[in-house]
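The values are calculated or read from the model by the stated rules, or taken from the named source; none is laboratory data. Everything numeric here is computed off the predicted structure, so don't read it as measured data. Backbone-built Cβ (ideal geometry, glycine too); neighbour counts: all protein chains shown. Areas reflect the complete protein model, heavy atoms only, side chains present, ligands, DNA and RNA absent. Shrake-Rupley method; radii C 1.70, N 1.55, O 1.52, S 1.80 Å.
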Amino acid sequence: MHKYKILLMVSIVLLSGCSSLGVQPWERDLLAKKEMALTGSPIDSALDDHIYFSKEATSGGRSFGGGGCGCN
Amino acid sequence: MQLKKQNKSNLKALLTTATCALLGGTVQAATQANTEETWEFDTALMHYSETDRVSATEVIIAGKKTFVNDEVLSLKLTFDTLTGASANGAVAQPTPQTFTRPSGNGQYTIQEGETPLDDTFQDTRVQFTGQWTQPWWEGYTVSVGGNLSKEYDYTSISVNGNIARDFNNKNTTLSIGTAYAYDLIEPEGGIPDPLSAMLIGDSDDPSFESEFNATRIGSDDNKTTFDVLFGVTQVINRKMIVQFNYSLSTSSGYLTDPFKVISSVNANGEAQEYLHENRPDDRTKHAFFGQTKYHFDSGFLDASYRYMTDDWEIESHTFDVRYLIPFSNGHFIEPHVRMYTQSAADFYQPFIQEDAPLPDFISADYRIGDLDTYTVGLKYGIPMDNNNELSFRLEYYHQAPKSNGTEAIGVLNDVELYEPIDAIVAQVTYSF
């Protein structure tokens, strides 16, 4: 339970801190560029995830780690 | 026509603005109503090739349909084929070594001084993924999806659901997602009895089959994985956006690799037996992921860091940096560097001494040992007519397994226990 309380507190602090950040809707010209999308190329990410899932002991983080293949 | 095209690209830009991408780009919130239905496709051909080991070819066809009310349907079909040799876990020796194939069908011999590789790996996989994303109440976006992956000896089915909410003028997005996966493994030759010795003998002998079967405990096994992911995306200013994720992943069931063994050696380091590995049947992972995108005058920075820790005592750090440089003719070049380091699972050992007490869990798989890897790559993109894009990607991936502190004994001092691996990734992508 302790862990969840910390998580909740961190979320609240982040949220309140975040309220002073950001831009107005008419200031989104640069953020709107496709190069600024967080996952710039989902297809590259999918291929990379498959490679690193097969070769390293860590998966996920950006999205779900999941299972998906018996790859060696 | 020109006007219509401009209108379409503006809408794409607006939709991109609202991309939360919290969950691997699956959650998308729209800033305003879309006025035309569009299909967009990404197709890619990727070839992965390790020196003297595995090579894989993967084809992806992904389609995304955006409906007028900002509902998004994403479908993806993946094919891949895998051939080549993979380390079986045993250590190199100053003499040739003979191993029985995991299927029980025949044996293979490894020359002196060489890392034992099982060259029978051959598999073809088909994977289908679908995801439905739509605006919900004011400020909310929901998404549900599923995945089915089938190989000759492996089946994986998963479902996921996510919900995201925008705050602060859509400058902050909170998201929570969950996924459940069921994996079934049916290796040819069955599931080996954990910690039993690999049968090595005359595979043409009439009794070989029954003796081989005595090292097997079943024909298949399964595991389930349950993931929860919390995410925050925050616009910092006109040029910068950041994202933080925390994810919890619990797996239970058969987490052992049925194809891996560990060498049991005498006091002089000479292999006496090869024991089938055994891993715990539970694993809980925590991952913390942070990413930023920054719009410089000369290009776009994409930098991320991930920390992972789990109850197998593996810890890892991943750094990933890309910098996309656009040219005035619309082409772009994107250098990429990735660095990864992990510590070994507490039950990892490169080999075991025959007179040492046998632990409950043991594996010599270098992929859960101490390991450093890095990747350097370059992507080059060329705009085509009608907003289509062609791009090429070439990457070099280096894996450097390391000692976990176990001291080599006897003849093992004269062989390479931690052989590095080099791989090349070549990819062509066409988006239309």
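Taking the C-alpha atoms only, the angle from helix B:2-17 to the longest principal axis of chain B is near 50 degrees. Burial here means at least 10 square angstrom less accessible surface with every protein chain in place than with the chain by itself, probed at 1.4 Å; in the range B:267-299 the buried residues are B:R283, B:K285, B:H286, B:A287, B:F289, B:Q291, B:K293, B:H295.
Considering every alpha-carbon pair of the range B:231-340, the percent of pairs per 10 Å bin, from zero through the bin containing the longest distance, is 12, 25, 24, 18, 13, 7, 1.
I'd like to check one number: the per residue accessible area of chain B, probe 1.4 Å, reported in Å² as a whole number. Walk me through the numbers before you get to the answer.
Working: 19210 Å² over 432 residues.
Spelled out: the 1.4 Å probe surface of chain B, per residue, equals 44 Å².
The accessible surface of the range B:2-431, taken with every protein chain in place and a 1.4 Å probe, is 55 percent carbon and sulfur.
The three principal axes of the C-alpha atoms in the range B:277-395 carry coordinate ranges of 68, 24, 22 Å, sorted with the longest axis first. Rg and Dmax over the alpha-carbon atoms of the range B:155-227 stand at 23.0, 75 Å. Average 1/r across all pairs of distinct alpha carbons in the range B:105-255, invert it, and you get the Kirkwood radius: 19.9 Å. Peptide B:210-220 is shielded by partner chain Cβ atoms: per residue, an average of 0 of them sit within 10 Å of its Cβ.
Computed from the Cβ-Cβ distance with R0 of 35 Å, the FRET efficiency linking B:V159 to B:E112 stands at 0.10.
For the range B:148-186, heavy-atom accessible area (probe 1.4 Å) falls by no less than 20 Å² from the chain alone to the full protein assembly at B:E151, B:Y154, B:N168, B:N169, B:N171, B:L174. Charges were assigned to the Cβ only: +1 to each Lys and Arg, -1 to each Asp and Glu. The resulting dipole of the protein assembly as shown about its Cα centre is roughly 3520 debye. Summing Cβ point charges (Lys, Arg +1; Asp, Glu -1) relative to the Cα centre of the range B:2-431 gives a dipole of roughly 3200 debye. A Förster distance of 56 Å, applied to the separation of the beta-carbon atoms of B:L75 and B:N266, puts the FRET efficiency at 0.50.
Both chains summed, the buried accessible area for A and B stands near 6100 Å², from protein heavy atoms and a 1.4 Å probe. Each other residue within a Cβ distance under 11 Å of A:D29 adds +1 if Lys or Arg and -1 if Asp or Glu, for a net charge of +3.
Using the alpha-carbon positions of the range B:2-431, Rg (one decimal) and Dmax (whole number) come out as 24.7, 80 Å. Here the Kirkwood formula puts the hydrodynamic radius of the protein assembly as shown at 24.4 Å, using every distinct Cα pair.
Find, among the GluC sites (Glu not before Pro) in the range B:90-147, those assigned to loop by DSSP (not H, G, I, E, B) with at most 14 other beta-carbon atoms within 10 angstrom. Don't skip to the end; give the middle numbers.
Numbers: sites: B:E112, B:E114, B:E138; in loops: B:E112, B:E114, B:E138.
Taking the range B:90-147 and a limit of 14 other Cβ atoms within 10 Å, the loop GluC sites (Glu not before Pro) found are B:E112, B:E138.
Using the rule -39500 (n - 2.57) for each DSSP H run of four or more residues, divided by the residues of the protein assembly as shown, the 222 nm mean residue ellipticity is -3500 deg cm²/dmol. Comparing each chain alone with all protein chains together (probe 1.4 Å, DNA, RNA and ligands left out), the residues of the range B:388-432 losing at least 20 Å² of accessible area are B:E389, B:R393, B:Y397, B:Q427.
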